[in-house]
Amino acid sequence: MRAVGTVGGYAILRQEPLERLEGSYLELEHQRTGARHIHIACPDDNNAFAVFFPTVPQDSTGVAHILEHTVLAGSRRFPVHDPFFSMTRRSLATFMNALTSADWTMYPFSTRNAKDFMNLLEVYLDATFFPRLSEDSFRQEGVRFEFDETDNPTSGLRYKGVVFNEMKGGLASPQAAVHRAIGKAMFPGLTYAHESGGDPQHIPELTWDQLRQFHAVHYHPSNAYFYTYGDQQLEKTLAVIEQSALNRFERTAVDTSIADVKRFSSPVQLVEPYPATAGEDNSHKAQALVTWVTVPSGDSFRTLAMKVLSEVLLSNAGSPLRKALIDSKLGTAVADGSGLHDNYRESVFGAGLKDVNADNAREVEQVVLDTLQELASGGLDKDQVNAAIHHLEFEKRERSNAGFPYALKVLFACLGAYYYGGDPYSALNFDADLAHLEKARGEGRFFEDLIQVELLDNSHRALLTIKPDVELEERNRGLELDRLAAVEAKLTESQKSKIVEDGLRLKADQDAKQDLSTLPTLELSDIPMNFEDVPSRPMMVGPAQVEFFALQTNGVTYIDVRTDFSGLSPELKDLLPLFSRVFTQTGAAGQDYVQIANRIAAYTGGIGAAAQVQPLAAVEDYLQSFTVSGKALDRNAGPYIELLTDLTSRLEVEPKRLKEIISESATRLESSIANLGFQFAALLAHSKLTSEGAINDRLLGLGMLHVMRRLAKLDESELGDVISKLQTIRTRLFRRDSIHVVVTCEGSMVDTVAELLAHLIESLPAGMSDGKADQPGPLDPVPEARTAPLPVAFNVRAFKTVRYTHPDAPALLVLANYLRDTFMHREVREKGGAYSGFAQAGISSGIFYFGSYRDPNITRTYDAYDQAAMWVTEAQIEAEALKEAILGACGDVDPLESPDIKGRREATNRLTGFTREERERFKQRLLEVTAADLVRVAQTYLAHGRSVQATVAGPELIEAARKDRQELFAVVAPI
Ligand SMILES: [Zn+2]
């Protein structure tokens, strides 16, 4: 491509306007090294940076993933243990992470502070291009031999290492088995056939030398893709990249290309096991999924077309392929891996069912093929195609920081085209592709032909069966222990003492005090002390209160309909999680669930419902709030509010549909237990401390799981009673006089929305919702362990503390940051090998807790929890560490927001007492927290306070822990 200009040492290959972002797109190439760079110039002050490298491992040792971890463990200019974690405490980053996908490794961050941006940029560049990659950090992050008791060579040889344990936990779920199966079955011989994260059976094969070699080849500017976004001056950023990294390199030829997969002449099959619990009924716990390799992910137009098709086929309850699968009764929910995956060089489309009998996989395949055949010949519903296109348009329009900063969402929107050799600009500015699509649709059977060519006539197809295997966990453990025993048997005395020596050195090194003075940092004076004022316009529409937040929303209207559920009986409250699902997945106003699903897709960007507990700032009490929230483009405000009206005032629930919803919810929950382990343990612990914890456990925790299981046992004919209770919930919750509507929209939309809401409000029955029922007390405080088929543990100990406005609350938040960054990170992650170990202060709910995530230990971790308070008291708290903990706490109370979140958050804050004044006072107090305060609150609340604990883990781990410390758990039961 010919350059249109130059900037610094870069050629500008392309410069285009990005109207949707009020900015422009620049594509650059570094002239000497060939490094690629995309810059998005736009008025957003949340500036982002990312660099990623194609990494294409040829085995499952996890080399790319272990390298990602090791790169973050010290570099030439910043030779400290863990500059990355250290920087999280010296920064106000709105996002910092490192990610390993199947074929790239990325290092992204974002921040709103200009000084912080430059600090992080220096650290990221040095880490990625000049890491130390020391042998000890490879052993700590990857895998090493160590004796069970480090200094005792007779205590049994073990593998230890962060990634080793992370992947044990990471691969245990059915979802992970699906992804493994797709890679193996669809891309034989290519990098995708391997487990890029690392398979614990193969991780020990990796050597330190291979790791360094992999870095030297892949992490070179000639193999690098840069990305920047925001309102900062590009020249300045480029100059830093040049001086701190690129000027040490010359252009080289790096071949990280991935070939097109050789297409199959006939379809294949693959069975992949996942770990399941023995003694349970596993006869219907398989998943069956049909997959195809389809269009190149770099081709933005063809990918857009496939995305629309996938959306039409599967996105909601009314989508034809999804409906045919559910109606077949072969399973109860759509399989993991259903939909389009454009994170391979050639995208994969999949469709199937979970909760099936493995012997029925062929029948699932037949349903998929027959349905596609019918659609290809009979044609797709035009309205459903329109709705799918509308949905994609909505996604592009909305500038939301929810979940992930928008600054990085833009990168992910063009990543496929950027990386796989397509046109990133057209992927971002997809109006041209959209116009092209509309034209193609107008000319004939576009999507029908797409089904025919990319799916039905495409023989590069696989039938994947994901099968529960009750012996898998035990077999893997056996293999690991056998391998260790074989190694141990051959160890000479001198090798044994070397292992002891290495282990002790690593420990000593982990304990050693670090000199962090080389790392850049923000100062307390860099912290903005004021919160933005978010004014509202309250009004009465009929008898209902409506609060308008007029903000720049880029043409999207957000509406929350809120109501108080505190008056419901405990029995009805238990049905709220089900009611939330039913609310958007059933029929209403004479239309069935398919028609309602189509209306939701055609007119909104999504509608959701949830029951939440909202703690008050000053008193031991909380609101119980049921919220229906949704969003729509301004032009659809009318049909959107009509839809909300139908759902709140004329919801219809049929036994057959209810049975489907219950089965699908139960199936989803059961297949996600490996991912929900921490949430379940944390909520279980909290339920033992407070009333709101007890409610939360029933809304989101094990209590909810158990209710869902009980409901799943009921036949269709037994659901009449449940249906009448669901309708009772609805009519008690949605009442004209008691709902509170919160609207965030463009100022120009306020009057229109107010008028439209009048009809919704009139349609509701008069009267207030019932008065408050008795609040439940906390549950039995005995320490509890729950078993699940997991190779790891989630350990939580929780303490009761104080409310937000109490003078000790700011010190508790700083203490949590301090303990997490110092003691917990070192003891539980670095030494213990857990994926993470942390301390958290629930400042709004008056809770403090320690938690460990994907942890290979139980006893060891609780020992660390026991020592934490004493450690705070005895170890000298240094000024630098205190400052970092305060910076971290200031970041916690000032998260990145966008218009979709701002109005809603403000409305809640006003009701619960988290006013702007209170929050500014809290932040001010954070700055005044002293070392003596930390010691005092650690003594008061942790050493002498009331605590409870809960663990979710594999049964062997729990059994072993009870042998060590019988008193750890008074109750042990399956999850
Ligand atoms: Zn990792």
(1) surrounded by fewer than 17 Cβ atoms within 10 Å (Cβ to Cβ); (2) within 31 Å of the chain's Cα centre (by Cα) all hold for residue 472 apart from (1)
Of those in the stretch 743-758 that are in contact (Cβ under 8 Å) with a residue 60 or more places away in the chain and within 17 Å of residue 645 (Cβ to Cβ), the residue surrounded by the fewest Cβ atoms within 10 Å (Cβ to Cβ) is 758
Exactly one of 893, 828 is of a type in the set (Val, Ile, Thr), touching a residue at least 12 places away in the same chain (Cβ under 8 Å) and within 16 Å of the ligand (Cβ to nearest atom), and that one is 828
By residue number, the members of the stretch 358-381 that are of a type in the set (S, T, N, Q), more than 15 Å from residue 464 (Cβ to Cβ) and in contact (Cβ under 8 Å) with a residue 60 or more places away in the chain are 373, 377
Within the stretch 35-72, of all residues that are acidic (Asp, Glu) and in contact with a helix residue (DSSP H, G or I) (Cβ under 8 Å, 6 or more places away or on another chain), the one surrounded by the fewest Cβ atoms within 10 Å (Cβ to Cβ) is 59
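For the stretch 529-621, which helices (runs of 4 or more DSSP H) that fit wholly inside it have 2 or more residues that are crowded, with 16+ Cβ neighbours inside 10 Å and of a type in the set (A, V, I, L, M)? Give the steps one after another, and end with the answer.
Numbers: elements: 570-574, 576-585, 593-603.
The helices (runs of 4 or more DSSP H) meeting that bar are 576-585, 593-603.
Could you please let me know if residue 141 is of a type in the set (D, E, K, R), touching a helix residue (DSSP H, G or I) at 6+ places or on another chain (Cβ under 6 Å) and more than 13 Å from the ligand (Cβ to nearest atom)?
Values: of a type in the set (D, E, K, R): yes; touching a helix residue (DSSP H, G or I) at 6+ places or on another chain (Cβ under 6 Å): yes; more than 13 Å from the ligand (Cβ to nearest atom): no.
When the stated conditions are applied, residue 141 does not pass them.
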The lone condition residue 276 fails out of (1) at pLDDT below 95; (2) over 30 Å from residue 791 (Cβ atoms); (3) buried (at least 17 other Cβ atoms within 10 Å of the Cβ) is (2)
Review point. Just wondering, is there one or more residues in the stretch 106-128 that are within 16 Å of the ligand (Cβ to nearest atom), under 25 Å from residue 348 (Cβ atoms) and in contact with a helix residue (DSSP H, G or I) (Cβ under 9 Å, 6 or more places away or on another chain)?
Key: yes
Among (1) within 16 Å of the ligand (Cβ to nearest atom); (2) of a type in the set (A, V, I, L, M, F, W, C); (3) free of Cβ contacts under 8 Å to residues at least 40 places away in the same chain, residue 253 falls short only on (1)
Screening 241, 258, 182 for residues that are outside any helix (DSSP H, G or I) and away from the ligand (no atom under 16 Å from the Cβ) leaves only 258
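Going by the conditions given, is residue 832 out of contact with any Gly (no Cβ under 7 Å at 6 or more places or on another chain) and farther than 16 Å from residue 922 by Cα?
Details: out of contact with any Gly (no Cβ under 7 Å at 6 or more places or on another chain): yes; farther than 16 Å from residue 922 by Cα: yes.
Yes, satisfied.
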Cβ pairs under 9 Å, 6+ apart or interchain, first in the stretch 75-99 and without any contact (Cβ under 8 Å) to a residue 12 or more places away in the chain, second buried (at least 17 other Cβ atoms within 10 Å of the Cβ) and assigned to a strand (DSSP E or B), ordered by first then second residue, are none
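Listed residues 4, 51, 71; which is aliphatic (A, V, I, L, M) and without any contact (Cβ under 8 Å) to a residue 12 or more places away in the chain? Break it down into steps so the answer makes sense when it comes.
Values: 51 fails: without any contact (Cβ under 8 Å) to a residue 12 or more places away in the chain; 71 fails: without any contact (Cβ under 8 Å) to a residue 12 or more places away in the chain.
None of the other options fit; the residue is 4.
Here is a list: 923, 883, 902. Which entry is among the basic types (Lys, Arg) and within 19 Å of residue 801 (Cα to Cα)?
Details: 883 fails: within 19 Å of residue 801 (Cα to Cα); 902 fails: within 19 Å of residue 801 (Cα to Cα).
Exactly one residue qualifies, and that residue is 923.
The values are calculated or read from the model by the stated rules, or taken from the named source; none is laboratory data. Small disclaimer: the values here were computed from a predicted structure and weren't measured. Don't worry about glycine lacking a Cβ; one is built from the backbone with ideal geometry, like all the others, and counts go over all protein chains shown.
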